[in-house]
Amino acid sequence: EYEFNFPMVVGPRFIPGSPTGRSGGGWSPDTSQVPDGSRITPPVLHPDHRSGHDIDLTLYINAGVPIENLHSPSHRISRDPEPDGTETITLDPADTLPNKDFIVRYDVTGQRPEAAVLAHRSDTGGFFTLMLQPQGMFDIGEVTAKEMIFVVDCSGSMSGAPIAQAKALMRKAIREMNPGDSFQIIRFSSAASRFSPLPVPNTPENIRRGLAYVDEMHGTGGTMMIEGIKAALDYPSDPERMRIVLFLTDGYIGNETEILGAIEQKIGQARLFSLGVGSSVNHYLLSRMADAGRGFVQYVRPDEETEPAVALFYDRIRNPLITDISVDWGGLAVRDTVPASIPDLFSEQPVILHGRYETPGRGTVVVRGRMAGKSWKQEIDVRLPVTEPANDVLATLWARTRIRSLMDRLNQGKREDIEKEITDLALTYRLMSQYTAFVAVSEEVRRDPDGHVQTVHIPVEIPESVEYEGIFGQIGGVCMDAAVPAGPPESMANRCLIAPGTSQSRHEVRKKSGGRYELAKEEKTCTTAAVSFSIRGTAGDVTETDLMNLLETLRKDIDTLFTVHHVRGELVVRVSIGSDGRVEKVEIVTNRTGNIEIERNLTRLLKERVTGLPGGEATVALTIN
């Protein structure tokens, strides 16, 4: 299944840190943690108000082979299919509000591997894309047997959720291997160790032993990744099976060059796929490992639902259909094909090549490979036209892929004239790169009566399914009036939900006669009030001194919390602290502020920020008059 995703709205972001001023016109100031906060927070319309503009979008799809099951999970769409198999998609007039990403999905699978070539030629030259699609249904006998090598990072940084997700992938893969597969498990931290001297057959007893070995893993020690690489690639491969190395790590190392060099030297006929587990993995290392190993990379966050992410990753590599792919261009004058190393065709993963041509022509292109160990080939009648204005995006796709391959060479230290080539490509094909950027120029300039240029910040819609109050009822929101029904009635007209001590513009689109809209704006300034603390009682090892010291460190956040909710009165909470020094439970004993929302935000603050306390229980009163 393919997916096209087009962003249509900027979602409201939480902006932490202390205000430092403004460099833009957003609803948040710049802060110590987000120095461009005022430039990435456009004003947000309240749901009671409608944006003054709609969005129009037309999508042209040419998959090269017949399209099946085309649908949009996000929008109502209109379809205009053509006899040649292409489709033109437009938005339904009743679904043009820019408050969600536009998504279209479709299938192209057939009864056998399908190959197609699309071409484009203009003044900048000729471009083509070759697509090799897997068949929708296949017999297990068409699948190449695998030698599965799991290499698992068991260093200290992987402890907790990352190692749990890595173990979940291994459990699924070990249980669901094909009958002819074998497997090996290697774990590394300060050193590497193996489940077995050599890969073992896929038998019930070996599966039981392998799962037990996985269950014993935990994160500790350093990250000697080079030992894991050597353990996975140094011993002889099985001539009856395709070696697939699954590398599971966060990539927290500093010797990337050594690791990538070892993979390129030792990979041979093996394939390497990397699963990055963690909230801030080493993307460069993991993507380059997969490129060097003719595989792909996928990332899983600690807070992501593990089962579907693991299922997606394993389903993509479970069934290799065609391996060792090569292309004979049959005398056609093609050049600069990317990627240079052609990946394998898996049941859930197509192969896509981009290239250029200077001389038009027609010929038979032969794609060769191996299916289940036997020779396989497919012939494609290809015409590279003299002129073809359609499919102009093929030039962009080629240039983008070419830039990525050049960046890989640049990161390996082979600078030469690579920076200039990247810049030239980006400028020629109008692409973002490390050395180029887009500049937006307004066609309409608004001036005030004195002739000064005015900047008008147009509000955006709140994203679909996001609750306005859920965002702007917390620290880091925007100034608004009675939109949030909480707090004393007399304060409703002046409710302030921005960082205290800062001035905030409030924007609103109002409809005028004749269907026109105008942008209204008002300024508001927020000030901070101080909260007093008192300890009502403690139990266990925690003392009043421990708690008062902690509350003083959190004073700024607590003062801000009471200020943005514009509340007065007393809030008494009972806090339970676990053996790890963190807050396990917060109970509300008394709430005389008249605001329920502050309970949830205070609970979140204590659970996220409290660490290192002795275990026990305490009752704390927070008061502002």
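Ligands, DNA and RNA are left out, and with a 1.4 angstrom probe the accessible area of segment 281-398 is 45 Å² per residue.
Volume per residue of the convex hull around the Cα atoms, evaluated for segment 355-397, comes out as 103 Å³. By the Kirkwood approach, averaging reciprocal distances over each pair of separate Cα atoms, segment 1-93 gets a hydrodynamic radius of 16.8 Å. For a Förster distance of 30 Å, can you work out the FRET efficiency between the beta-carbons of residue 240 and residue 171, rounded to the nearest 0.05? After rounding to 0.05, the efficiency reads 0.75.
Label-to-label distance for residue 312 and residue 215 is 3.0 nm, based on points extended 7 Å past Cα in the beta-carbon direction.
In percent, rounded to a whole number, the relative contact order of segment 250-345 is 24, using alpha-carbon pairs under 8 Å and six or more apart. Derived scalar couplings between HN and Hα for segment 358-364 equal 9, 9, x, x, 9, x, 9 Hz in order, rounded to whole Hz, by the Karplus curve 6.51 cos²θ - 1.76 cosθ + 1.60 (θ = phi - 60°), x for Gly and Pro.
By definition, a body whose alpha carbon gyration tensor gives a ≥ b ≥ c is oblate when a/c is 1.5 or more and a/b is not larger than b/c, and segment 120-196 fits this oblate description. The distance linking segment 15-80 with segment 571-625 is 36 Å (Cα centroid to Cα centroid, whole angstrom). Annotation: amide H-H contacts under 5 Å for residue 183 (H modelled 1.01 Å from N, sequence separation of 5 or more, or interchain): 148, 200.
Distances between placed amide hydrogens fall under 5 Å for residue 44 paired with 460, all partners being 5 or more residues away or on another chain.
Judged by the gyration tensor of its Cα atoms, with axes a ≥ b ≥ c, segment 316-443 is prolate; a/c meets the 1.5 cut and a/b is the larger of a/b and b/c. A crude spin-label estimate for the pair residue 392 and residue 592, with each label 7 Å from Cα along the Cβ direction, gives 7.1 nm. Can you tell me the FRET efficiency between residue 432 and residue 40 if r is taken as the Cβ-Cβ distance and R0 is 22 Å, rounded to the nearest 0.05? Efficiency computed from Cβ-Cβ geometry: 0.80.
Rounded if a/c is under 1.5, else prolate if a/b beats b/c, else oblate: with a ≥ b ≥ c from the C-alpha gyration tensor eigenvalues square-rooted, which is segment 175-280? Note, shape of segment 175-280 comes out oblate.
Under 5 Å from the amide H of residue 70 lie the amide H atoms of 107, each residue being 5 or more positions distant or on a separate chain, with H modelled from the backbone and absent for Pro and chain starts. Evaluating 6.51 cos²θ - 1.76 cosθ + 1.60 at θ = phi - 60° for every residue in segment 23-30, the Karplus couplings come out as 10, x, x, x, 6, 9, x, 5 Hz, glycine and proline recorded as x. Backbone geometry of segment 154-160 corresponds, through the Karplus equation with coefficients 6.51, -1.76 and 1.60 at θ = phi - 60°, to 3J(HN,Hα) couplings of 10, 6, x, 5, 8, 5, x Hz, x marking Gly and Pro.
Set the Cα radius of gyration of segment 224-333 against 2.2 N^0.38 Å, with N its number of residues, and you get 1.18.
The values are calculated or read from the model by the stated rules, or taken from the named source; none is laboratory data. These numbers come from a predicted model, not from an experiment. Ideal geometry is used to build each Cβ from the backbone, glycine not excepted, and the neighbour counts take in all protein chains shown. Surface areas here come from the heavy atoms of the whole protein model, side chains and all, with no ligands, DNA or RNA. Shrake-Rupley method; radii C 1.70, N 1.55, O 1.52, S 1.80 Å.
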